[in-house]
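Have a look at the structure below, then the notes.
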Amino acid sequence: TFTIPTTAKAHNTQSYWKSSKTEIPNYIKLNIEKDGFTDETVIRTLPEGATENHDAKYDAYKMFAWDKTKPQLYSLDNNNAVYAVNSIPVFDENKVIPLGIYIGTAGEYQITMLENNFASYDVWLHDILKDVYTTMSDNVSYTFESEKGTITNRFELVFEKSSSNIND
């Protein structure tokens, strides 16, 4: 039993300092899933400081799981560096970001868009092997079959300026 005496208790009328939720602009979170095991990657833009290559202050390299049977998802830069979090400069035109996957066991997988705050862009997941484009919005999934291995040229995220924002 643990008792705190009334004289030790403190209370004031200060309002709560944190807001309930902060939405990050131009932020995408994707995951890959098989048999209940998931892995995530994040791509975001920053107005200052981020480059197309690794930025120690803003990017996080992909750290692969020790269990080589689990799926892994990551983005790549122009030098084929792999990222769990990839921060890039703000862009005003269409953009393509390569995605890599690690498949530990051949079979059926899903890539799901968990969050997408790119308001001025339509985002597509392009399966290069099948030449299929899937519109990615929150909780949309793309299901595919894959053989075992590291595959860096199967998927890409394609950002297209939204037709509703064409005159921005």
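For the chain, modelled as a Gaussian network with Cα springs under 10 Å, which listed residue fluctuates most, D138, D67, D39?
D67
Could you grab the relative contact order for the stretch 1-152? Cα pairs under 8 Å, six or more apart, rounded to a whole percent.
24 percent
What whole number of Å gives the distance from the Cα centroid of the stretch 119-138 to the Cα centroid of the stretch 95-113?
Using only Cα atoms to place each centre, the spacing works out to 13 Å.
Taking springs between alpha-carbon atoms closer than 10 angstrom, which of V132, V123, V158 fluctuates most in the Gaussian network model of the chain?
The residue with the greatest mean-square fluctuation here is V132.
Tally Lys and Arg at +1 and Asp and Glu at -1 over the other residues with C-beta under 13 Å from the C-beta of D67: what net charge comes out?
+1
Can you pull the Kirkwood radius for the stretch 31-155, inverse mean 1/r over Cα pairs, to one decimal in Å?
15.1 Å
Please build a GNM for the chain, connecting alpha carbons under 10 Å apart, and tell me which residue among K70, K29, K95 fluctuates the most.
Taking springs between Cα atoms under 10 Å, the residue moving most is K95.
Bear in mind that the values in this text are calculations on the coordinates, not laboratory data. Keep in mind the model is a prediction, meaning the values are calculated, not measured. Cβ coordinates were reconstructed from backbone atoms using ideal geometry, including for glycine residues, and neighbour counts include every protein chain displayed.
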